[in-house]
Amino acid sequence: LLVFFIIKQLYGFALRQLDHIQLKIDQIEESIFKGHERDVVEVISRVRRDILDFHRAVHMHEHILHSLELVGKRFFGQEFIHYSNTMLGELSRITSHLVILKETIESLQNTNDSLLTDKANDIMRTLTVMAFATFPLMLFAALFGMSNMVSTPIVGTKGDFWVILGMMLNQTIQIPLMPL
């Protein structure tokens, strides 16, 4: 039967394409764990799109093959059921492989997102520590920079430095500090 041969060839080609997608997923996994998380984001999106497109293309085949099974049995006889079951089996292999690929790429994307978030958190932690370390230096520079201002209230009176320092400390203590 020509239809059987064409569909068998089509599904054989589809399985080879899925193997190609599997190779891309293996490369993505290797890149993620080598520290190239940022470079892999676009590749993951493209592979997810390929899997989605593949799924859309294959999705209706099951309905078509079941309707072909009913018509084929009447048209070609009882022996067509064997061909029909073989085609449905090939389709089942493809859909199973698609499900596995979809779950794998989603898992890799979640892992990649987690690694990127962890790196961003490390950067934010470093910047917070740097800001906290430089704050006292900026405070002292601002305090000593005010000493040459004559028209500023309090400045120029006895104990002006300690009054200003006390006011700043009072403001700092009233603001609740957030833990790191």
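The values are calculated or read from the model by the stated rules, or taken from the named source; none is laboratory data. Given the structure is predicted, the values throughout are model-derived calculations rather than measurements. All Cβ positions, glycine included, derive from the backbone under ideal geometry; neighbour counts span all protein chains shown. In case anyone asks, the SASA skips ligands and DNA or RNA and just uses the protein heavy atoms, side chains included. Shrake-Rupley method; radii C 1.70, N 1.55, O 1.52, S 1.80 Å.
Assorted remarks:
- Stretch gain in nm, segment Arg125-Leu70, where the contour uses 0.36 nm per residue and the Cα spacing is subtracted: 13.3 nm
- Cα extents of the stretch 1-121 along the three principal axes, largest first (Å): 66, 19, 16
- Using the Karplus relation 6.51 cos²θ - 1.76 cosθ + 1.60 with θ = phi - 60°, the per-residue 3J(HN,Hα) values for the stretch 73-82 come to 5, 6, 7, 9, x, 5, 5, 5, 4, 4 Hz, with x marking Gly and Pro.
- Highest average packing first - 81-94, 5-18, 123-136, Cβ atoms within 10 Å: 81-94, 5-18, 123-136
- With the simple model of a label 7 Å out from the Cα in the direction of the Cβ, Leu23 to Ser107 spans 2.2 nm.
- Residues in the stretch 60-65 carry Karplus couplings, in order, of 7, 4, 4, 5, 5, 5 Hz; the curve used is 6.51 cos²θ - 1.76 cosθ + 1.60 with θ = phi - 60°, and Gly or Pro positions show x.
- For the stretch 1-115, the solvent-accessible area works out to 65 Å² per residue, with a probe of 1.4 Å and every protein chain left in place.
- For the stretch 72-109, the residues whose amide N sits under 18 Å from a probe point set 7 Å from the Cα of His55 along the beta carbon direction are 91-109.
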